[in-house]
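Here's the structure, in structure tokens; my notes come after.
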């Protein structure tokens, strides 16, 4: 199991950054490691969503699929997410957005476990490293998208 932390400062107002982060279904438009994200369930106020994700793992020439539940807190500007089902053994975490006066800090923590039968510690280490790269890439992509618009 790996716990991945990542943080980035974005030159954009917290409301703009948070609104973009909530549009997970648009992530594949600007994140090359995501094939698709589909919202399959959403409550009226958007505070709870269930989404199906398909990620691309180029190194293994494969995809990884999972369904997650997101709980959004618009007042606290946070999102807690957890695995509903999928290829991961464990996948949960949170996002937190902090107002820095015209800039926003976006913090992410993800706990992930990907159990592959007969796979040694080296490959599990590679998977943890890849998850860290993906999280860093996701935050950088959101930063780029906010700062571009």
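Side notes on the structure shown:
- Among residues that are more than 14 Å from the chain's Cα centre (by Cα) and more than 25 Å from residue 105 (Cα to Cα), residue 42 is included.
- Counting only residues that are in a helix (DSSP H, G or I) and at pLDDT below 90, the stretch 105-136 holds 15 of them.
- Scanning the stretch 1-44 for residues that are without any contact (Cβ under 8 Å) to a residue 60 or more places away in the chain and part of a strand (DSSP E or B) turns up 34, 35, 36, 37, 38, 39, 40, 41, 42.
- Failed item, numbered, when residue 46 is tested on (1) closer than 19 Å to residue 97 by Cα; (2) modelled with pLDDT under 95; (3) in contact with a helix residue (DSSP H, G or I) (Cβ under 6 Å, 6 or more places away or on another chain): (3)
- Just so you know, in the stretch 24-40 the residues that are surrounded by 12 or more Cβ atoms within 10 Å (Cβ to Cβ) and out of contact with any helix residue (DSSP H, G or I) (no Cβ under 9 Å at 6 or more places or on another chain) include one that is modelled with the lowest pLDDT, and it is 28.
- Looking across the stretch 41-55, just one residue is loosely packed, with under 13 Cβ neighbours inside 10 Å and closer than 14 Å to residue 21 by Cβ, and that is 46.
The values are calculated or read from the model by the stated rules, or taken from the named source; none is laboratory data. Just so it is clear, the structure is predicted and the values come from calculations on it, not from any experiment. Using ideal geometry, Cβ is built from the backbone for each residue, glycine included, and neighbour counts are taken over all protein chains shown.
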